[in-house]
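The values are calculated or read from the model by the stated rules, or taken from the named source; none is laboratory data. Owing to the predicted nature of the structure, the values given are computational and were not obtained by experimental measurement. Reconstructed Cβ throughout: ideal geometry from the backbone, glycine too, with neighbour counts over all protein chains shown.
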There are 2 protein chains.
Amino acid sequence: MNTAVDFTLNVLPRPMPAAMSEALRARFGERFATALAVREQHGRDESPFDAPPPEAVVFCESTEDVAFVVAAAAEHRVPVIPYGAGSSLEGHLLAVQGGVSVDVSRMARVLRLDADDLTVTVQAGVTRMQLNREIKDSGLFFPIDPGADATLGGMSATRASGTNAVRYGTMRENVLALTVVTASGEVIRTGTRARKSSAGYDLTRLMVGSEGTLGVITEVTLKLHPLPESVAAAVCSFDDATAAVDTVIAIIQMGVPIARCELMDANAVIAVNRHDKLGLAEKPMLLMEFHGSEASVAEQAGTVQELAAEHGGTAFQWATTPEERTRLWTARHHAFLSGLQLRPGCRAVTTDCCVPISGLADAVTQALAEAEAAGLPHFIVGHVGDGNFHVAYLIDPALPEEREAAERLNQQLVQRAIAAGGTCTGEHGIGLHKQGFLVDEAGAGAVAMMRQIKQALDPHNIMNPGKIFAL
Amino acid sequence: MNTAVDFTLNVLPRPMPAAMSEALRARFGERFATALAVREQHGRDESPFDAPPPEAVVFCESTEDVAFVVAAAAEHRVPVIPYGAGSSLEGHLLAVQGGVSVDVSRMARVLRLDADDLTVTVQAGVTRMQLNREIKDSGLFFPIDPGADATLGGMSATRASGTNAVRYGTMRENVLALTVVTASGEVIRTGTRARKSSAGYDLTRLMVGSEGTLGVITEVTLKLHPLPESVAAAVCSFDDATAAVDTVIAIIQMGVPIARCELMDANAVIAVNRHDKLGLAEKPMLLMEFHGSEASVAEQAGTVQELAAEHGGTAFQWATTPEERTRLWTARHHAFLSGLQLRPGCRAVTTDCCVPISGLADAVTQALAEAEAAGLPHFIVGHVGDGNFHVAYLIDPALPEEREAAERLNQQLVQRAIAAGGTCTGEHGIGLHKQGFLVDEAGAGAVAMMRQIKQALDPHNIMNPGKIFAL
């Protein structure tokens, strides 16, 4: 068991030589920024970790811009850290070995919408909400929705998912192809717009989830989905989280094609009630959505309502207008920020395990009991249709014993998830935080294979070094 | 454009030293076979290529057996060629550089069924039909169905799909984890039973589709799906293939969750009528299946029947009993073998391109026109819901000009598919046949990255050498 999580920077930063900064300044002018405020803004994310900021930030506007920066970094052996929306939860953006932050947020164009093929190609800095706004007249939508309005480049790099994954899959299933700047500054394309292919190694899936350690993603080709003819959302309260989770297990095992199936524990409901001025019953709650034809939605909803009633579900409420639905789902997406406000000044240590669904009720119940016993403020939200849930422990950053307690709870939870056939991270990635867990989960042999790939594709270890594994 | 397809063996075989054969004989006894008949049976597949047989065949019964063979091969730098059902269409099994065939067909146990989690773990030699027989009382099924009754190890290695992929995805989406013997003879596990994960590089997806060139797959953990409450199949005839394909495009674009959507051209229908004694109208035909609740199936079918009628579809016929459905789908799965009988003594050169669906009608129409113009007997079947179709050119193996003509047609077809944003292979893999096409499709930079991975994970090039790229 690898329980040690070491955030200290045990490697020396690799400073940028003057020749490199001159080359970048010559090409990028004011888009090459070294002001402390800009660097600091690019040197933190939503994780609870601290690190020195990057040495410089380059605001790229094209794949060629990114290739120029990476080629210079390769020449001078300087770390490159891709930056999108800054919403990582696992320290992916932190300049733990120094280097240049490659900001792709200005690469925000939808390049090509092929509505007939249900595909779209975007620059890496397009955010998920922007994409859905820009394609809204096509009759199509992109379902993957992590809480934050993340960029599609960042979502690809962390293999993100969200509330719709139970029906539509994660980034793993929805990225068709990528444009990637490799560690030598070359530009490759990893796939085509065909919906399936057996042509060689699956470089797309290798890059999806590689957390910037194998290349910088600059363009993303995605599957889109037809907007459902009919949508209905519902909430239902339960006396305890176990009953809620057991309802979900029954829904999945019956094959109901539910689109969203989210758990909020009582604390999370309290938080969103306060933040979004809602009047939800402050008990464990499922928040669900059904997509399909009118008849199909009615049928799914009927089945689920029966299953919920069998498990003691009460206060089953429909959100039938688009406005009501948006209000509920906006509240759900605010849950993380709302939850932080349960304890002013706190930071959150978040867990992200995902288990085979038969182990979900036990995993959630034990996590809750342990958090209560430890006396740490906490809340739980979960994409429970996938077996994925997040405990957020709200710690006082001034009290190291609280962080230690949260880490200890996280470790117990992850070890149980792994023992149950699950994973330490369903959607946030390894980053800085879970490197020991990765070895526990995948085994030394599999991690050694990952390192062989990293070494082969990035021999000078310039691509987001220190993330996934501390090389 | 890389049109040259060179089947000549331009590398010397790497003979097995006596020390290795003695070690294998000592461990495996009669399961280490060198009889010519056994070697020849393991030295051919369903591809039109010829190569010398492997030097020996080892009938493995466990992951440890495979690891022993690979460790010996690594020590002696001898090629290892995994063998399952022998149903490859692209020469994957051919011992083009000599070596040992590792037969996993006796590794045919279902190791662990977790019906509550909708997952199963099998040994690599379990075939898809065997799996469905063994789990039939669980209320679950495994949908991926290439024509042959292939092994799940082989299906993983070629990233196979089949008729259900339009709804259930391919092996890419349905393999959760693998046990793999690496090129050094170590055993790794590439994932967990969780439905999603962001834990490090996606080794599962890297191995899926790697055609035995990165390791030998010995166990496969798969997603299963609830058996639909209701199933209905239908056939519908059209005056030309374009009308049939246009119907499919409309179905997909409307988001109808159709489970299967197959095209057979008139020649394919003639072939299955003869072989399976059916009385189908000998015109281009769609063969479809709908899965869901009774109401949902009725609704899907109604929508599709309307769309077919709008495109001139006639002779819409329902197969409502399980027996009728099985008869139709068995005929469809026989199409390749039935088609071969259209020209006794022939061999087939098969194409496998897959295009974004808006380009499908053009691709099929041009392929048909060119085959007619060339005067080569042919038939077309296609998983058209995915944009994937196969032309089989039936050539007389004694007439080299016919093979050349077929290869020329294939090249034209593939170049058009790539230009349309598609792939040279939807589900059969690269093998020996499509190495030039892979470069055309992926680009030299992406193929160079694949080679870097190959080199890193198999430095002595012993894992199925000469496949995907001629290293």
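Taking each residue of segment B:292-306 that is more than 10 Å from chain A (Cβ to nearest Cβ) and looking for partners that are assigned to a helix (DSSP H, G or I) and not small (Gly, Ala, Ser) with beta-carbon atoms closer than 6 Å, six or more apart or interchain, yields B:Val304/B:Ile251.
Scanning segment A:388-426 for residues that are under 20 Å from the mean Cα position of the chain (by Cα), in a loop (DSSP other than H, G, I, E, B) and more than 15 Å from A:Leu360 (Cβ to Cβ) turns up just one, A:Cys424.
Scanning segment A:390-413 for residues that are buried (at least 20 other Cβ atoms within 10 Å of the Cβ), out of contact with any Lys or Arg (no Cβ under 8 Å at 6 or more places or on another chain) and within 19 Å of A:Ala241 (Cβ to Cβ) returns A:His390, A:Val391, A:Ala392, A:Tyr393, A:Leu409, A:Asn410, A:Leu413. Looking across segment B:349-381, just one residue is within 14 Å of chain A (Cβ to nearest Cβ), modelled with pLDDT under 95 and assigned to a strand (DSSP E or B), and that is B:Thr350.
If you go through segment B:432-461 and keep only what is farther than 15 Å from B:Gln415 by Cα, part of a loop (DSSP other than H, G, I, E, B) and at the interface with another protein chain (Cβ under 9 Å from one of its Cβ atoms), you end up with nothing.
Within segment B:269-281, the set of residues being free of Cβ contacts under 8 Å to residues at least 24 places away in the same chain and buried (at least 16 other Cβ atoms within 10 Å of the Cβ) comprises B:Val269, B:Asn273.
Of everything listed in (1) in contact (Cβ under 8 Å) with a residue 12 or more places away in the chain; (2) more than 7 Å from chain A (Cβ to nearest Cβ), the single unmet condition for B:Gly421 is (2). Of the listed requirements (1) exposed (fewer than 15 other Cβ atoms within 10 Å of the Cβ); (2) out of contact with any Asp or Glu (no Cβ under 8 Å at 6 or more places or on another chain), B:Phe316 misses just one: (1).
Considering the conditions (1) more than 19 Å from B:Asn164 (Cα to Cα); (2) touching a Leu at 6+ places or on another chain (Cβ under 8 Å), B:Glu262 is excluded by exactly one of them, (1). Looking only at segment A:82-115, residues that are closer than 23 Å to A:Arg189 by Cβ and of a type in the set (A, V, I, L, M) come to 8 in all.
Scanning segment A:424-465 for residues that are in contact (Cβ under 8 Å) with a residue 60 or more places away in the chain and of a type in the set (Val, Ile, Thr) yields A:Thr425, A:Ile430, A:Val439, A:Ile453, A:Ile462. Name the residues in segment A:255-272 that are within 11 Å of another protein chain (Cβ to nearest Cβ) and at negative phi, would you? Scanning segment A:255-272 gives A:Val256, A:Pro257. Can you spot a residue in segment B:160-171 that is facing chain A (nearest Cβ under 8 Å), surrounded by 24 or more Cβ atoms within 10 Å (Cβ to Cβ) and farther than 20 Å from B:Leu93 by Cα? Yes, that holds for at least one residue. A count restricted to segment B:73-97 and to residues that are part of a helix (DSSP H, G or I), surrounded by fewer than 24 Cβ atoms within 10 Å (Cβ to Cβ) and touching a residue at least 60 places away in the same chain (Cβ under 8 Å) stands at 2. Being at pLDDT 95 or above, in a helix (DSSP H, G or I) and of a type in the set (A, V, I, L, M) is a property that B:Leu307 has. For segment A:311-327, the condition holds for no residue, the condition being that it is at pLDDT 95 or above and within 14 Å of chain B (Cβ to nearest Cβ).
On the given criteria, is A:Ala194 outside any loop (DSSP other than H, G, I, E, B) and either surrounded by 24 or more Cβ atoms within 10 Å (Cβ to Cβ) or within 12 Å of chain B (Cβ to nearest Cβ) (or both)? Considered against the rule, which asks whether it is outside any loop (DSSP other than H, G, I, E, B) and either surrounded by 24 or more Cβ atoms within 10 Å (Cβ to Cβ) or within 12 Å of chain B (Cβ to nearest Cβ) (or both), A:Ala194 comes out as no.
State yes or no: is B:Leu118 within 14 Å of another protein chain (Cβ to nearest Cβ), at pLDDT 95 or above, touching a Leu at 6+ places or on another chain (Cβ under 8 Å) and at positive phi? When the stated conditions are applied, B:Leu118 passes them.
When the residues of segment B:310-325 are filtered to those that are in contact with a helix residue (DSSP H, G or I) (Cβ under 9 Å, 6 or more places away or on another chain) and in a strand (DSSP E or B), which remaining residue is farthest from B:Phe238 (Cα to Cα)?
B:Ala319
If you check A:Ile252, A:Ile188, A:Ile217 for being within 13 Å of chain B (Cβ to nearest Cβ) and either assigned to a strand (DSSP E or B) or surrounded by fewer than 20 Cβ atoms within 10 Å (Cβ to Cβ) (or both), only one passes: A:Ile188.
Could we say that A:Val66 is crowded, with 22+ Cβ neighbours inside 10 Å and modelled with pLDDT under 95 here? No; evaluated as a whole, the condition is false for this residue. Of the set (1) within 10 Å of another protein chain (Cβ to nearest Cβ); (2) not in a loop (DSSP other than H, G, I, E, B), all apply to B:Gly429 but (2).
Quick one: which of A:Ala183, A:Ala234 is assigned to a loop (DSSP other than H, G, I, E, B) and either closer than 30 Å to A:Leu368 by Cα or not assigned by TED's automatic domain parsing to the domain that holds A:Phe290 (or both)?
Within the list A:Ala183, A:Ala234, the selection yields A:Ala183.
Can you tell me which residue is modelled with the lowest pLDDT among those in segment A:37-63 that are of a type in the set (D, E, K, R), in contact with a Ser or Thr (Cβ under 8 Å, 6 or more places away or on another chain) and assigned to a loop (DSSP other than H, G, I, E, B)? Show your work before the answer.
Narrowing segment A:37-63 to residues of a type in the set (D, E, K, R): A:39-40, A:44-46, A:50, A:55, A:61.
Then drop every residue that is not in contact with a Ser or Thr (Cβ under 8 Å, 6 or more places away or on another chain), which leaves A:39, A:45-46, A:55.
From the residues that got through so far, the ones that are assigned to a loop (DSSP other than H, G, I, E, B) too are A:45-46, A:55.
Details: A:Asp45: 85, A:Glu46: 80, A:Glu55: 97.
Going through the qualifying residues, I end up with A:Glu46.
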